[in-house]
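The values are calculated or read from the model by the stated rules, or taken from the named source; none is laboratory data. In this text the structure is predicted, and so the values were computed from the model without any measurement. Cβ placement follows ideal geometry from the backbone for every residue including glycine, while neighbour counts extend to all protein chains displayed. The accessibility values were calculated without ligands, DNA or RNA, using every heavy atom of the protein model including side chains. Shrake-Rupley method; radii C 1.70, N 1.55, O 1.52, S 1.80 Å.
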Amino acid sequence: MRQDYDIIIVGGGLAGLTAALHLSQSAHSILLIEKNEFPKHKVCGEYVSNEVLPYLNRLGVDPIAHGAKEITKFAFSGLSGEVLRIDLPLGGFGISRYALDYMMYNKLIKNGVTVERASVLDITYCDEMFEVAITDKSYRTPHVIGAYGKRSTLDITLSRKFISTRSPWLGVKAHYETDFPEDEVALHNFKGGYCGLSKVETDAVNVCYLADVASFKKYKDLDTYRVEVLEKNKELKSFFAKAKPLFNKPLTISQISFQNKQTVENHILMIGDSAGLIHPLCGNGMAMAIHSAKIASECLLEFLSYPKSRALLEQNYTKQWKAAFTTRMRNGAIIQRGLQSDTITKVGVRVLQQSPRLLTKIITSTHGKNLL
Ligand SMILES: Cc1cc2nc3c(=O)[nH]c(=O)nc-3n(C[C@H](O)[C@H](O)[C@H](O)COP(=O)(O)OP(=O)(O)OC[C@H]3O[C@@H](n4cnc5c(N)ncnc54)[C@H](O)[C@@H]3O)c2cc1C
């Protein structure tokens, strides 16, 4: 029976790149298929939790050596803009997706992995073999890792359950030039959403916000929305008053879904946002994407060394994924719901001001331990 690769990874964001880097340390043949060119800007807060730094270093990726900002402080403000500052329990680093994904892609090419630029149109499974279809051909492989992100037409093709429900969330991101502390990540609440600020390797400040589409639709464009809604928070108002935009226009994505997804779908091991997206306010989605890629790669390598049944491989991956992420995703969803309520946010900010250690506990509850 024809087999083109041992493993095919669909999607070359952080999850797909990590899995490819991990698996490239074995003797298996790997193909990574990504629909976009590298490098590319993406809608993302660009704050990465330090929990994945030792593992990234182990894969030969060193963001700090590439100028990532070391972030040790967290600032938070509620609707009024009153700011609460604490030291981050674990900390993180600020780096653009443009730089981080590209750094990992270059490492992958150095490791000799084949990367093809194409859109995967369909993935079918029959008799222990997948057929992965792109425009003009298809590849056959016994293992597929799905790393194609939050939402893709592939989810429709694969009839994934979550895709039929519309999501009310919109993401907006741009880089700005202005004075901003290098070692701080800030989260400022506004009516209908929240906005993250932190510096990246170019010295630009990344501004990324998540907004409820219903609140956004009342305004004619992003500028009006920013002035009328975001700038009601006085921290954001003073930021935008002095900040110079570095993008021609902000990048936007809609239909950001936080619904539960299956970790294995039609025998495809789903990783990163394809398996589930934590609320961005936790600043932990990228770390989860990287961590889930590690779990899937380890499960797959174990299976390839000591083949048992595919069902066991899938159960093992799902079990490890749930153990690592279910609690933090649930905590993230609870915090998100709290932030949507003006009253809870106001009371919450007052309580946290009296007891900043509670904020440290909340942050810890949405993060993992150091990944080696
Ligand atoms: C507004 C917002 C702010 C965020 N801020 C942060 C933050 O500050 N810190 C943090 O840790 N996380 C943050 N996140 C979460 C983080 O961005 C994601 O969790 C992370 O990007 C997931 O990586 P991924 O590889 O799963 O997906 P992606 O990075 O989206 O990669 C998926 C890749 O698959 C490709 N693809 C899609 N369909 C196909 C196809 N059919 N064929 C081939 N390729 C395909 C895409 O082009 C893409 O490159 C934020 C998310 C949002 C929405």
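Only one of the numbered conditions (1) hydrophobic (A, V, I, L, M, F, W, C); (2) within 15 Å of the chain's Cα centre (by Cα); (3) within 30 Å of T202 (Cα to Cα) is not met by F247, and that is (2).
Of everything listed in (1) part of a loop (DSSP other than H, G, I, E, B); (2) more than 17 Å from the chain's Cα centre (by Cα), the single unmet condition for C44 is (2). One residue stands out in region 1-27 among those that are of a type in the set (G, A, S) and within 12 Å of the ligand (Cβ to nearest atom): the one that is farthest from D273 (Cα to Cα), namely A20. Among the conditions (1) away from the ligand (no atom under 13 Å from the Cβ); (2) in contact with a strand residue (DSSP E or B) (Cβ under 9 Å, 6 or more places away or on another chain), R166 misses just one, which is (2). Do any residues in region 92-107 that are under 19 Å from E70 (Cα atoms) have Cβ atoms under 9 Å from those of residues that are aliphatic (A, V, I, L, M) and open to solvent by 50 Å² or more (accessible area, probe 1.4 Å), where the two are at least six apart or on different chains, and which pairs are they? Pairs found: F93/I64; I95/I64. Being open to solvent by 30 Å² or more (accessible area, probe 1.4 Å), within 19 Å of the chain's Cα centre (by Cα), more than 7 Å from the ligand (Cβ to nearest atom) and of a type in the set (D, E) is a property that E51 lacks. Scanning region 202-230 for residues that are within 26 Å of the chain's Cα centre (by Cα), under 21 Å from D342 (Cβ atoms) and of a type in the set (D, E, K, R) gives D212, K217, R226. All of (1) within 9 Å of the ligand (Cβ to nearest atom); (2) open to solvent by 60 Å² or more (accessible area, probe 1.4 Å) hold for G149 with one exception: (2).
So, in region 54-64, how many residues would count as being open to solvent by 10 Å² or more (accessible area, probe 1.4 Å), in contact (Cβ under 8 Å) with a residue 12 or more places away in the chain and either within 14 Å of the ligand (Cβ to nearest atom) or assigned to a loop (DSSP other than H, G, I, E, B) (or both)? Here the count works out to 1. Restricting attention to region 213-229, does a residue exist that is open to solvent by less than 10 Å² (accessible area, probe 1.4 Å), within 30 Å of T178 (Cα to Cα) and either part of a helix (DSSP H, G or I) or more than 10 Å from the ligand (Cβ to nearest atom) (or both)? Yes: region 213-229 contains one or more residues that are open to solvent by less than 10 Å² (accessible area, probe 1.4 Å), within 30 Å of T178 (Cα to Cα) and either part of a helix (DSSP H, G or I) or more than 10 Å from the ligand (Cβ to nearest atom) (or both). Checking each residue in region 258-301 for being part of a helix (DSSP H, G or I), near the ligand (Cβ under 7 Å from one of its atoms) and farther than 19 Å from K161 by Cβ picks out P280, G285, M286, A287, M288, A289.
Within region 65-89, the residues that satisfy the criterion of being charged (D, E, K, R), part of a strand (DSSP E or B) and at pLDDT below 95 are R85, D87.
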